[in-house]
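Before any comments, here is the structure.
The values are calculated or read from the model by the stated rules, or taken from the named source; none is laboratory data. Please read these numbers as outputs of a predicted model, since none were measured by experiment. With ideal geometry, Cβ positions are generated from the backbone for all residues, glycine too; neighbour counts draw on all protein chains shown. Surface accessibility is based on the protein's heavy atoms, side chains included, excluding ligands, DNA and RNA. Shrake-Rupley method; radii C 1.70, N 1.55, O 1.52, S 1.80 Å.
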Amino acid sequence: MKKLINSVDSVVADALRGMASAHPGLLRVDEENRIVSRASGPRAGKVGLVSGGGSGHEPLHAGFVGYGMLDAACPGEIFTSPVPDQMITAATAVNGGAGVLYVVKNYTGDVLNFELAAELCADEGVEVARVLVDDDVAVRDSLHTAGRRGTGATVFVEKIAGAAAEGGAPLPEVVRVAEEVNARSRSFGVALSACTTPASGRPTFELGETEIELGIGIHGEPGRTRSTMRQARELVAVAMDALDEDMPISGDVLVMLNGMGATPLIELYVAFAEVAEYLSGKGARAARSLVGDYVTSLDMRGFSVTVCLLNEELTRLWDAPVETPALRWGR
Amino acid sequence: MKKLINSVDSVVADALRGMASAHPGLLRVDEENRIVSRASGPRAGKVGLVSGGGSGHEPLHAGFVGYGMLDAACPGEIFTSPVPDQMITAATAVNGGAGVLYVVKNYTGDVLNFELAAELCADEGVEVARVLVDDDVAVRDSLHTAGRRGTGATVFVEKIAGAAAEGGAPLPEVVRVAEEVNARSRSFGVALSACTTPASGRPTFELGETEIELGIGIHGEPGRTRSTMRQARELVAVAMDALDEDMPISGDVLVMLNGMGATPLIELYVAFAEVAEYLSGKGARAARSLVGDYVTSLDMRGFSVTVCLLNEELTRLWDAPVETPALRWGR
Amino acid sequence: MDTAVFARWIGEIAAAVRADKDRLTRLDAAIGDADHGANLERGFDAVVRALADDSPDTPGALLGLVGNTLIRRVGGASGPLYGTAFREAGKALGDARTVSTADLARALEAGLAGVRRLGGAAEGDKTMVDAIAPAVRALAEAVRDGSGQREALGAAASAALAGAEATIPMRAGKGRASYLGPRSVGHEDPGAASAALVFAALCAAEAASDESRGG
Amino acid sequence: MDTAVFARWIGEIAAAVRADKDRLTRLDAAIGDADHGANLERGFDAVVRALADDSPDTPGALLGLVGNTLIRRVGGASGPLYGTAFREAGKALGDARTVSTADLARALEAGLAGVRRLGGAAEGDKTMVDAIAPAVRALAEAVRDGSGQREALGAAASAALAGAEATIPMRAGKGRASYLGPRSVGHEDPGAASAALVFAALCAAEAASDESRGG
Ligand SMILES: Nc1ncnc2c1ncn2[C@@H]1O[C@H](COP(=O)(O)OP(=O)(O)O)[C@@H](O)[C@H]1O
Ligand SMILES: Nc1ncnc2c1ncn2[C@@H]1O[C@H](COP(=O)(O)OP(=O)(O)O)[C@@H](O)[C@H]1O
Ligand SMILES: [Mg+2]
Ligand SMILES: [Mg+2]
Ligand SMILES: [Mg+2]
Ligand SMILES: [Mg+2]
């Protein structure tokens, strides 16, 4: 395992130092408490947006802290949800008096830790709401399971709810918008290779020269099924069919063609061309899009595609100015 | 070789279709002639900036087309310089009457093709100047060799000369600024793995579990020396020492910590923390910075670091608004 | 059993986790995200440090500190779950200075109830519950049957181990492994495996304390 | 030699490049960027199509079309260099309808001069010049010595091949391989290798044309 790190144990702390040095104008990094927040601090009367989760998904979440998006992010160890202390400190730090929204990806660890944090916040008089992101159609949902994973739609929820909060919406309104984005979004991922966590030092699974995993998550876990390598066009069709089957795609959509961390950008554009064609075959249109690495799994090769059915409100909020390390426009 | 492509022969064409679909508001893609230009077309009286080179370095160059940066980019085949026809068509298309600057990375192929194109443009009455980027200190320069390679500084030259052109500077002034950026910039690259071109289907070289290449370029070629894997801190020191030896680093600098295409962002931040520390050890400061994939080598793992000694003018031009797929601020 | 036995238990867990870290991570790599070993090592190292800084003087206070430390330092699913288990067990022990096997059985039942409430997993869902629940049951039965302490703890440890092994053919209903659907079958659940270590450590701690007292 | 021989030459080159594409790419992977085979295949395929669309009626016009097509379609270093070589050679032939061995030798000298002017490489720099220069010299010598056409072209092809092999111990002074400094030693230059194919193809084309004429 060759990784550009100083030691297995210091990866997250070192990366936080790097973020602090790279974005002094945008971010304030509390290395001690492991919290990344806006350099500008909380704004009175604005709902605070806090997210967090395991590290290894960069730029998610800390790369989305800034004007028009998150107020703070709590990075956990690699692929490990952060702890309630971080979440409580973050909520207290960003609270501008209008309450705080926790954006939580649906994983047992994230859910439980944010739950404990929310309870403790309530005890301390900080009003906290939670929205659960669970967009991954590869996971069959049922009452008896952990439910769908939260993956790519997290970026959409954070951006759009962030814009609502920035625009002065009160907490229930921000919650409504966040839940609407989640309800209208679906994701599906494909791995061409596994990833290697620094702690384990070897790939989480082994794929042969022509094998791929369909329906992967973002923690290096294998997917629903192993399959064989195909053209970009066919792989995109597998992913898009899975989305469309779960939520018929039509009209103007917001699409993210996301790289898993080690997929060259030229390949992501190749895949995006196929997404655009697929959409027009359905009478839909990629009215807004992102192509690049947004929700990654360390050094995994592969992609995920996330589609959100837009409406006028969501489009307006998507287009609103944003100024974060990883997403920036209008400012 | 598992790549997210439709066929080895269609990679560049397919990626261009993808870029067209992903950035309709920013880019116009002439698939026939392989030219990516601003959706807004040429602006009368503005110097046109054209760059180009082999594909496989995405987002370079087409990802830097837009307000405040390039007017057009000519993507060649993977790792192969584009042909004069593309360059001539691009120059003609973006010429707003104030002449055109070709930004050329110093590789024999790029130099020769841009040279032929410039000659033919002159014949057709289009005023064309060229600036050669040659920032890679890993290559020992001499009168008898091809000279230094152009790598990371290309992004700085395109951004800063682009801002000068956008601000209405005449061609000789844009050339002066571009040459100044190049003169003040140095780069050094390190590979943890080779890359695999679609055409060859296998890695351009093989590295063992603890081997790395120091002083690599951006075309998958091996570096100056093979070495052994070390901590991020030490690898950064090797790179920074090489820059500093060639051009003493001091004062405010612009730094790019660039991923080669398959390096997780968390690792790039780890390395950037070390760059920042190294700089403060020299009494210098990363006044401006980029951390991410900007000048890549397909699926190579590794990084390069580029430093530009800032002055007031260059800082102002760097800060000027830019709106391209890969670099965006102030708009 | 006094506070010293409980402190020894935690020390044994920390040692066992360190020794088996790679195995736990490998189990988690197969059906999860390859961090269970690192998570528990980080957690129990922190617990050992916390106990060194602040030596609680009752078993209940000690388990409470263990639970809170795990919740505050581990993250992931196992942090809140193990943390809650120890916290609830500690609460159940109140401020008694010594603890009988029967007290311990009731406390561990409370811990298990906490895990069930928080995580929502039932037996058969291929989680740590599949090791903890049979262990707690075996302990309670041994108490009911009038077995000695050593024997009772041994029964609990064996039941936990058997419970962990029994997760192999299960299809996961909770936690990350559930995303794999049928592909989760054929692998031991990492949390169940670590729960077996926890019960084995309890046995070892009791035996060692007994010996050191010349018993 | 008439236009048909030259057309055949180009066809032979295209076939040879297609057959040896992987070898050329492998050579380029070792000290360059692994695209030389693909570059030449793309170029000569385009040339074959261009010649099919538009059949020039003199050898000079044919080589001119070849050169322009290579410049327009190949890119990289080899596109402008081979393109210039063919273009300059074509210019030197003027509008003659048939070409003697002596004419050809002069034309190829002009082509070589074009490559040298554009690329600035001297012999010993480990480039295509190291195959082209000795081949052109061998051809001129054979003409001077009064050798027959077949023999002269054979001498040129052998010299090109020897020249390409002689690049192996060289340290590159031009092109991508120069970035490797001393590490470029021990590998054959891909452009020199392809130049050897070009001269071998010329030999083959002449021989085949001769036979088809019953010669
Ligand atoms: N809902 C749940 N109820 C009980 N135990 C659970 C639940 N979800 C997960 N677990 C346990 O947690 C273990 C995984 O812990 P760990 O790997 O540390 O956390 P994470 O899954 O967040 O990476 C699983 O093997 C399982 O035993
Ligand atoms: N300056 C030069 N003069 C002559 N030949 C050169 C020069 N530079 C490169 N070459 C030739 O071009 C060959 C490489 O061609 P190719 O791989 O197609 O282009 P690129 O180097 O742009 O990838 C080299 O092997 C060498 O023979
Ligand atoms: Mg985890
Ligand atoms: Mg090339
Ligand atoms: Mg885990
Ligand atoms: Mg080449």
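For the reader, a short list of remarks on this structure follows.
- Residue B:167 vs. criteria surrounded by fewer than 20 Cβ atoms within 10 Å (Cβ to Cβ) and either within 16 Å of ligand 3 (Cβ to nearest atom) or not β-branched (Val, Ile, Thr) (or both): yes
- For the range A:1-18, a tally of residues being touching a strand residue (DSSP E or B) at 6+ places or on another chain (Cβ under 6 Å) and either within 20 Å of residue A:323 (Cα to Cα) or open to solvent by 20 Å² or more (accessible area, probe 1.4 Å) (or both) returns 2.
- Residues in the range A:140-153 that are buried (at least 19 other Cβ atoms within 10 Å of the Cβ), away from ligand 3 (no atom under 16 Å from the Cβ) and more than 15 Å from residue A:309 (Cβ to Cβ): A:147, A:148.
- Residue check, residue A:56 open to solvent by less than 10 Å² (accessible area, probe 1.4 Å), within 16 Å of ligand 5 (Cβ to nearest atom), more than 14 Å from residue C:74 (Cα to Cα) and within 14 Å of chain B (Cβ to nearest Cβ): yes
- Among the candidates B:138, B:146, B:129, the residue that is more than 16 Å from ligand 6 (Cβ to nearest atom), at pLDDT below 95 and in contact with a Gly (Cβ under 8 Å, 6 or more places away or on another chain) is uniquely B:138.
- Test: residue A:112 is under 20 Å from residue C:69 (Cβ atoms), within 20 Å of the chain's Cα centre (by Cα) and either within 14 Å of chain C (Cβ to nearest Cβ) or open to solvent by less than 30 Å² (accessible area, probe 1.4 Å) (or both): yes
Residues are listed down the side, and each one gets a yes or a no for (1) within 16 Å of ligand 5 (Cβ to nearest atom); (2) closer than 22 Å to residue D:35 by Cβ; (3) away from chain B (no Cβ under 14 Å):
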| position | (1), (2), (3) |
| --- | --- |
| D:144 | no, no, yes |
| D:152 | no, no, yes |
| D:161 | no, no, yes |
| D:168 | no, yes, yes |
| D:184 | no, yes, no |
| D:188 | no, yes, yes |
| D:194 | no, yes, yes |
| D:198 | no, yes, yes |
| D:205 | no, no, yes |
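- Residue B:316 more than 16 Å from ligand 1 (Cβ to nearest atom) and over 27 Å from residue B:177 (Cα atoms): no
- None of B:277, B:267 is surrounded by fewer than 24 Cβ atoms within 10 Å (Cβ to Cβ) and not hydroxyl-bearing (Ser, Thr, Tyr) except B:277.
Rundown of residues vs (1) within 16 Å of ligand 2 (Cβ to nearest atom); (2) in a loop (DSSP other than H, G, I, E, B); (3) under 24 Å from residue C:26 (Cα atoms); (4) without any contact (Cβ under 8 Å) to a residue 12 or more places away in the chain, yes/no style:
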residue: C:136; (1), (2), (3), (4): no, no, no, no
residue: C:141; (1), (2), (3), (4): no, no, no, no
residue: C:151; (1), (2), (3), (4): no, no, no, yes
residue: C:155; (1), (2), (3), (4): no, no, no, no
residue: C:159; (1), (2), (3), (4): no, no, yes, no
residue: C:172; (1), (2), (3), (4): no, yes, yes, no
residue: C:193; (1), (2), (3), (4): no, no, yes, no
residue: C:199; (1), (2), (3), (4): no, no, yes, no
residue: C:210; (1), (2), (3), (4): no, no, no, no
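- Residue B:72 vs. criteria closer than 22 Å to residue B:160 by Cβ, modelled with pLDDT of 95 or more and either within 16 Å of ligand 4 (Cβ to nearest atom) or more than 14 Å from every other protein chain (Cβ to nearest Cβ) (or both): yes
- The strands (runs of 3 or more DSSP E) found entirely in the range B:180-236 that carry 3 or more residues being hydrophobic (A, V, I, L, M, F, W, C), buried (at least 23 other Cβ atoms within 10 Å of the Cβ) and more than 9 Å from chain D (Cβ to nearest Cβ) are B:185-191.
- When the range C:150-168 is filtered for residues that are within 18 Å of residue A:222 (Cβ to Cβ) and either within 16 Å of ligand 4 (Cβ to nearest atom) or not polar (S, T, N, Q) (or both), only C:168 remains.
- Some residue of the range C:152-160 being more than 17 Å from the chain's Cα centre (by Cα), more than 23 Å from residue A:54 (Cα to Cα) and at pLDDT 95 or above: no
- Meets criteria (away from chain B (no Cβ under 14 Å), open to solvent by 10 Å² or more (accessible area, probe 1.4 Å), touching a helix residue (DSSP H, G or I) at 6+ places or on another chain (Cβ under 6 Å) and among the hydrophobic types (A, V, I, L, M, F, W, C)) for residue A:83: yes
- Matching residues in the range B:19-41 - criterion: being open to solvent by 70 Å² or more (accessible area, probe 1.4 Å) and either of a type in the set (A, V, I, L, M, F, W, C) or away from chain A (no Cβ under 14 Å) (or both): B:28, B:32, B:40
- Helices (runs of 4 or more DSSP H) enclosed by the range D:1-120 - at least 3 residues per element that are closer than 25 Å to residue B:222 by Cβ and either open to solvent by less than 10 Å² (accessible area, probe 1.4 Å) or within 11 Å of ligand 2 (Cβ to nearest atom) (or both): D:3-31, D:36-53, D:78-93
- Number of the condition not met by residue A:226 [criteria: (1) more than 16 Å from ligand 5 (Cβ to nearest atom); (2) within 30 Å of residue A:283 (Cα to Cα); (3) not hydroxyl-bearing (Ser, Thr, Tyr)]: (2)
- When restricted to residues that are at the interface with chain A (Cβ under 8 Å from one of its Cβ atoms), away from ligand 3 (no atom under 11 Å from the Cβ) and in contact with a helix residue (DSSP H, G or I) (Cβ under 7 Å, 6 or more places away or on another chain), the range C:23-36 contains 1.
- Scanning the range B:242-269 for residues that are away from chain A (no Cβ under 12 Å) and part of a loop (DSSP other than H, G, I, E, B) yields B:247, B:248, B:249, B:250.
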